[in-house]
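The values are calculated or read from the model by the stated rules, or taken from the named source; none is laboratory data. Keep in mind that what you see is a predicted model, and the values were worked out from it rather than measured. Cβ coordinates were reconstructed from backbone atoms using ideal geometry, including for glycine residues, and neighbour counts include every protein chain displayed. In case anyone asks, the SASA skips ligands and DNA or RNA and just uses the protein heavy atoms, side chains included. Shrake-Rupley method; radii C 1.70, N 1.55, O 1.52, S 1.80 Å.
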Amino acid sequence: MWGGRFAEGPSAIMREINASIPFDKALWREDIAGSLAHVAMLAKQGIVSEADAETITDGLTQIAEEYERDGVPEDWDLEDIHMTVEARLTEIVGPAAGRLHTARSRNDQVATDFRMWVRSAMQRAVAGIDALLGALVERAQEHADSIMPGFTHLQTAQPVTLGHHLLAYFEMLMRDRSRFADALARMDECPLGSAALAGTGFDLDREMTAEALGFARPTRNSLDAVSDRDFALDYLMAASQCSLHLSRLAEEFIIWASQPFGFVKLPDTLSTGSSIMPQKRNPDAAELVRGHAGRVIGCATSLMVTMKGLPLAYSKDMQDDKPPVFEAAGLLDLSLAAMAGMVADSGFDTARMRKAAEAGHATATDLADWLVRQADIPFREAHHITGAAVKLADEKGVALDGLSIEDLKAIDARIDERVFDALSVDASVAARSSYGGTAPTRVREQVEEARKRLEDK
């Protein structure tokens, strides 16, 4: 391909370090689509003849059928997917194949191919998030009244509903979805026609190729177009944030599925056994989702470090842009599918959740709030009184609502019988009726709002 300039071929080391076909063969569909759009534009502009364009189009169509059927061959002497396709096209149609590369470079070619691949990856991520969002909403509606302990520092804090807890992840994933949607809008420009770095002297119709490849417009600056990998970094940043949320959700299921908690039974399809301990039911899918987050973040770091010091325009370092994106996309797609299945198919032990909520003095704040509202006691004093009540309940081995009125009056005479209306976990969650709160009425409202947001997205 570049033998006209060099007297000797590359050494074995250069051949191996230079070849990207083992991984960039994943771009074959995008490469052929870009070539089809390019040759159609060349013919329309009179840069190549209609006959040559038809011959090239037929050849590219044949190559696509071959690759779909047999896969892409790996010839390291051809370096990459672009030369692999062009070499096969030459075998099929002869010298006319050489006209395909008129007015383009591998620089704008790969920038276009990669951008199209990342666009598809973003669209898959959005679809995967949508599936998980749908599962979260369905389970939240089912468990709008199911009481569980809410935690801070993994210590029982206040009772919440399981529906409210699941909707917290709905909010996180809606933000993740918006990040991918924003990135899709930003990357909606086509580099094809920028050539090596400076544009071309041929009279191209870049709007035509942009439209043919599904972009809103051509890129505005040829130097930026061939050296930009912001779209890939946008994908990795959004994938990293989404993976963090998936990892947190996976960690919840891992904890809840452990015997000391026993809040959830994971589906058989997403669990494994032990080779030595027959009783084990391991949350391997959730653990792998948690582990995948670290790898996705590592992929983002890898590409950021690759790009951080590159001058304009293209440098060969950028050949290493694709492996981290390909890896992250595979991991994210799997993680989203696994968590959607886990949320949809897990069985929640709501009785055990409720018992745990009742056991941890989770209504202590309700006692303090009651003292503020009913006895007009400053909150800091109410907090102190409540602390004494918790201490007494611990000594007696009962929940707060297990203390007698005599016990409570001995702590503070201003407490009366009405306090018991506030000390049950049911009363506690019902009282948390501020907008965004855990009260079942609010959870049901948020479920309906969530459904509308999914319909309107």
- the chain, relative contact order [Cα under 8 Å, separation at least 6], %: 17 percent
- Query: What is the count of Lys pairs in the chain whose alpha carbons sit under 17 Å apart, if the two are 8 or more places apart or on different chains?
  - Reply: 7
- Task: Could you work out the local net charge near Arg29, counting Lys and Arg as +1, Asp and Glu as -1, over the other residues with Cβ closer than 11 Å to its Cβ?
- Result: -3
- Task: Could you please state how large a percent of the accessible area of region 229-320 is carbon and sulfur, counting protein chains only and using a 1.4 Å probe?
- Result: 56 percent
- FRET efficiency for Glu211 and Thr152 from the Cβ-Cβ distance with R0 = 51 Å, rounded to 0.05, comes out at 0.45
- Task: Would you mind classifying the chain by shape? Square roots of the alpha carbon gyration tensor eigenvalues, ordered a ≥ b ≥ c; an a/c under 1.5 is rounded, otherwise it is prolate if a/b is larger than b/c and oblate if not.
- Result: prolate
- Item | Burial ranking of peptide ranges 207-215, 186-194 (average Cβ count within 10 Å, highest at the top) | 186-194, 207-215
- Query: How big is region 242-397 on each of its three principal axes, counting only the C-alpha atoms and giving the largest first in Å?
  - Reply: 73, 48, 26
- Mind checking which of Gly291, Val325, Gly309 is farthest towards the positive end of region 290-337's charge dipole, using Cβ charges of +1 (Lys, Arg) and -1 (Asp, Glu) about the Cα centre? Gly291
- Query: Per residue, how much accessible area does region 1-138 show when a 1.4 Å probe rolls over the protein heavy atoms, in square angstrom?
  - Reply: 45 Å²
- Note on the structure: Projected onto the charge dipole of region 71-133 (unit charges on the beta-carbon of Lys, Arg, Asp and Glu, signs +1, +1, -1, -1), the Cα from Val126, Thr90, Thr102 with the largest positive-side position is that of Val126
- Size of electric dipole in the chain: Cβ of Lys, Arg +1 and of Asp, Glu -1, about Cα centre, debye, nearest 20: 940 debye
- Task: Working from Cα positions, state the angle (0 to 90°, nearest 10) between the long axis of helix 162-186 and the longest principal axis of the chain.
- Result: 20 degrees
- Task: Express the relative contact order of region 26-130 as a whole percentage, based on alpha carbon pairs under 8 Å and six or more residues apart in sequence.
- Result: 37 percent
- Message: Explain nothing, just the number: dipole magnitude of region 296-401 about its Cα centre with +1 on each Lys and Arg Cβ and -1 on each Asp and Glu Cβ, in debye rounded to the nearest 20.
- Response: 120 debye
- Item | Accessible surface, region 179-267, averaged per residue in Å² (probe 1.4 Å) | 42 Å²
- Note on the structure: Length gained if Phe379 through Lys409 is fully extended, taking 0.36 nm per residue and subtracting the Cα-Cα distance, is 9.0 nm
- A 1.4 Å probe over the protein heavy atoms gives region 1-108 a carbon and sulfur accessible-area percentage of 52 percent
- MRE, 222 nm, helices only [DSSP H, n ≥ 4, -39500 (n - 2.57), over the chain, to nearest 500]: -20500 deg cm²/dmol
- If you take the charge dipole of the chain about its Cα centre, with +1 on Lys and Arg Cβ and -1 on Asp and Glu Cβ, which of Gly163, Ala26, Ala111 is farthest toward its positive end? Gly163
- Query: In a shell of Cβ-Cβ distance under 13 Å around Asp349, excluding Asp349 itself, what net charge do Lys and Arg (+1) and Asp and Glu (-1) give?
  - Reply: +4
